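Scroll down for the structure; my scribbles are underneath it.
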Amino acid sequence: MANNTVLNYLPRKSVIHELTGATKLVFFLLFTLASMVTYDTRVLLGLMAVSFAAFAASRIRLREVRFILVFMLVFLLLNDTFIFLFAPDQGTDIYGTRHLLCHLFWRYDLTLEELFYLFNVSLKYFVALPVATLFISATNPSEFAASLNAVGVSYRVGYSVSLALRYIPDIQRDYHGISQAQQARGIELGRKEKLAARLKNSVSILLPLILSSLARIEVIANAMELRGFGKNPKKRTWYTSRPFGKNDFLTIGLGAVLAGVSIAGVVLNKSRFYNPFV
C-alpha cells in the first residue's frame with residue numbers, strides 16, 4: 001500500500017525523522033525562502049546538493065514518493081513549455097544578450113539565454129521538491145500540528161491540517177478497497193476499457209467513497225465534541241511535542257545560513273540572476 005499512497009507519513013529511523021516537527025517546519029520555511037529569492041545558478045546548485053543530501057539521509061525510497069515526483073515533473077515540463085510559448089525572448093530580456101542557436105518557426109528562436117533561463121527555472125523545482133516531499137513524508141501529522149502551534153498558528157488550524165493529512169491515506173485505502181470490490185462484481189476499470197466507459201464506471205466508486213467519507217466525518221466530529229475540542233485553547237498541550245535537541249538547533253542554524261547566503265548573493269550581485277554571458 002505504501003507504493004500507492006500520496007502525501008503519507010513514512011516512518012523511518014533516520015536523523016531527519018528524529019528532528020522535531022517545529023524544526024522541520026522552520027527549516028522548510030527558511031529553505032523555501034532561500035530558493036525563492038534567487039535565480040543564481042551557483043546558489044541553486046548548492047541548495048540542490050543540500051536538498052538531495054537531506055532526502056538521502058531520510059532513508060525514504062524514491063518509489064515510495066513516485067507519484068509526487070512524476071506529477072511535479074509533468075508540471076515542470078508544462079511550465080517550461082508555456083514559458084517558451086508565451087515568452088520566447090525572456091532569457092534575452094533578462095541577461096541582455098542574444099546568442100542564437102537556431103530558428104524554429106514564426107517568432108520562436110532558440111537562444112542560449114532562453115535555455116539557460118529555463119534551466120534555472122527547472123533547477124528551482126529540483127531544489128524545492130525533495131525538501132517539500134521530505135517535510136510531508138518525514139513528519140508525523142500530530143507532530144506537524146504541534147509544530148504549527150509552536151510557531152504561533154492557532155491550535156484549531158493546526159489540528160485541522162493534521163486531521164486532513166491523516167485523512168488522505170484513509171481515503172486512498174477506501175478508494176482502492178471499493179475499486180477492487182466493484183471490479184470483482186464485473187465493473188471494468190482497467191486500461192482495456194475505453195476511457196468514456198472507465199469514467200462512467202468510476203461513478204460506482206465515487207458515490208460509496210463520498211458516503212463513507214461523510215460517515216467518517218460525523219464520527220470524528222462527534223468524538224472531538226465529546227472530548228471538549230476547543231475548550232481552553234491557550235492551555236492546549238500536545239502529546240507528540242518534543243523539546244529541542246542539538247541537531248534541531250544545528251538544522252535551524254543551517255536553514256538560516258542558507259537563507260542568509262541566498263539573500264546576500266542577491267544584494268551583492270544587485271540582481272537575482274547570475275549572468276554568465278557578460
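Bear in mind that the values in this text are calculations on the coordinates, not laboratory data. Worth saying up front: this structure is predicted, and the values here are computed from it rather than measured. Reconstructed Cβ throughout: ideal geometry from the backbone, glycine too, with neighbour counts over all protein chains shown.
Structure notes:
- Additional length obtainable on full extension of the chain from Leu268 to Val121, 0.36 nm per residue less Cα span: 50.8 nm
- Tensor-based shape of the range 115-227 (alpha-carbon gyration tensor, a/c under 1.5 rounded, otherwise prolate or oblate): oblate
- Options (i) 6, 21, 25, 23, 18, 7, 1; (ii) 7, 27, 31, 19, 9, 4, 2, 1, 0; (iii) 7, 32, 39, 20, 2, 0 - which one matches P(r) over Cα pairs in 10 Å bins from 0, in percent as calculated here: (i)
- FRET E, pair Lys194, Arg42, Förster distance 51 Å, beta-carbon r, rounded to 0.05: 0.50
- Each of Glu18 and Asp80 was given a label point 7 Å from its Cα along the Cα-to-Cβ line. The distance between the two points is 3.8 nm.
- Here the chain is treated with +1 on each Lys and Arg Cβ and -1 on each Asp and Glu Cβ, and its dipole about the Cα centre works out to around 960 debye.
- Estimated distance in nm for a label pair at Leu250 and Asp93, the labels positioned 7 Å out from Cα along Cα-to-Cβ: 4.6
- Computed [θ] at 222 nm, helices only, for the chain once each DSSP H run of length n ≥ 4 contributes -39500 (n - 2.57): -22500 deg cm²/dmol
- 10 Å Cβ shell holding at most 10 others, DSSP loop, chymotrypsin sites (Phe, Trp or Tyr not before Pro): longest site-free stretch of the chain: 107-238
- The label-point distance for Leu206 and Arg156, in a model that sets each label 7 Å from Cα toward Cβ, rounds to 3.2 nm.
- Residue with peak Gaussian network fluctuation, the chain [Cα springs, cutoff 10 Å], from Lys194, Lys24, Lys246: Lys194
- Taking 12 Å as the cut-off, the amide N atoms of the range 11-28 that come nearer than this to a point 7 Å along the Cα-to-beta-carbon line of Arg242 belong to 12-24.
- In degrees, nearest ten, helix 41-57 long axis to first principal axis of the chain (Cα): 30
- 0 to 90° range, to nearest 10: angle between helix 112-137 axis and the chain longest Cα axis: 20
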